[in-house]
Amino acid sequence: MSLTHDPRDAAFHGRRTDGSTVRRPLSPHLQVYKPQLTSALSIFNRITGCAWAGGILLLVWWLVAAAAGPGAFGAVQWFLGSFVGLLILFGMTAAAWYHTLGGVRHLFWDAGYGFDLPTTYTSGYAVLIGTGVLTVLTWIVALVVW
Amino acid sequence: MNSEHDAALRLQTPLGRVRGLGSARGGTHHWWGQRLTSLALLPLTIWFALSAVGLAGASHAQALAFIAAPLNAVLMIATLLLSFHHTNAGLQVVIEDYVRGPGMRVAALLAVKAVCGLLAIASVFAVLRIAV
């Protein structure tokens with residue numbers, strides 16, 4: 001592929017079904033668009049969902065270890081209480097609240113509400129602020145209990 | 001305007017029009033599944049967050065007592081089943097978006113279904129073993 005100087009050229013590198021390259025107009029993609037709050041929050045909803053696909057492994061480990069006995073349970077509690085474990089749990093907390101609030105935003109869209117641009121930005125900032133508040137709140141309560 | 005022209009505009013075969021069904025009889029099933037599980041997971045997520053916070057630094061005995069309480073066991077199993085359904089549905093969309101080639105795509109979809117199914121069974125089995 002040739003070096004592109006005009007960013008719009010990036011939208012012209014297509015491929016035929018046999019894999020060979022062809023210069024033709026394509027739908028603009030990530031390399032052309034300037035990141036916006038709307039697109040960034042959208043991809044973060046997917047990223048946090050994928051993160052929880054991994055995070056749920058911790059829950060499975062915790063439950064299976066609890067059923068297996070004190071030795072296995074001690075190992076999982078030690079890991080979750082370690083620096084790396086706490087870091088992962090903090091990340092999972094933020095990802096959980098983000099995906100939950102983002103999901104509520106999506107459910108409103110699915111029902112046909114909040115599509116206009118000002119509302120979209122307001123709900124987007126609300127999701128970000130809500131994620132921060134709920135994450136900090138969750139950890140304050142957790143540290144008090146602990 | 002004749003009906004054949006209408007059918008062509010709707011991209012529907014004459015047979016499909018006669019049967020009155022969609023192409024696969026359930027085009028929105030996956031979409032609905034994702035939305036319904038997300039709706040059901042909203043209250044369960046709040047319950048789970050409160051429970052997880054309450055279990056910070058719990059001993060083995062405390063963890064067992066929590067899981068064995070009937071209400072907790074039922075809500076935990078509901079959370080697990082809905083979460084794995086939702087996880088599988090979400091990962092399926094991600095795979096369909098990014099994995100190229102029918103062979104790789106089907107292999108990835110089946111692998112995700114298998115892993116989600118097995119983990120769901122393993123975690124529910126663990127809850128039942130403690131609670132029952």
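Values in this text are rule-based calculations from the coordinates and carry no lab data. Everything quoted here is computed from the prediction, not taken from an experiment. Virtual Cβ from ideal backbone geometry, glycine too; neighbours counted across all protein chains shown.
Determine, yes or no, whether B:VAL99 is loosely packed, with under 15 Cβ neighbours inside 10 Å, β-branched (Val, Ile, Thr) and away from chain A (no Cβ under 11 Å).
Answer is no for this residue.
With the requirement that a residue be among the hydrophobic types (A, V, I, L, M, F, W, C), away from chain A (no Cβ under 11 Å) and over 21 Å from A:GLY103 (Cα atoms), what does segment B:27-71 give you?
Listed by number, the residues that qualify are B:ALA69, B:LEU71.
Name the single residue that is surrounded by the most Cβ atoms within 10 Å (Cβ to Cβ) among those in segment B:55-69 being in a helix (DSSP H, G or I) and within 26 Å of the chain's Cα centre (by Cα).
B:ILE67
All but one of (1) more than 9 Å from chain A (Cβ to nearest Cβ); (2) in a loop (DSSP other than H, G, I, E, B); (3) of a type outside the set (Lys, Arg) hold for B:VAL74, so report the exception by its number.
Going through the list (1) more than 9 Å from chain A (Cβ to nearest Cβ); (2) in a loop (DSSP other than H, G, I, E, B); (3) of a type outside the set (Lys, Arg), B:VAL74 breaks only (2).
When the residues of segment B:29-39 are narrowed to those that are surrounded by fewer than 17 Cβ atoms within 10 Å (Cβ to Cβ) and in contact (Cβ under 8 Å) with a residue 12 or more places away in the chain, which ends up farthest from A:GLY71 (Cα to Cα)?
B:HIS30
Could you say which residue among B:ALA73, B:ALA131, B:ALA52 is touching a residue at least 60 places away in the same chain (Cβ under 8 Å) and either surrounded by 15 or more Cβ atoms within 10 Å (Cβ to Cβ) or not aliphatic (A, V, I, L, M) (or both)?
After applying the criteria, what remains is B:ALA131.
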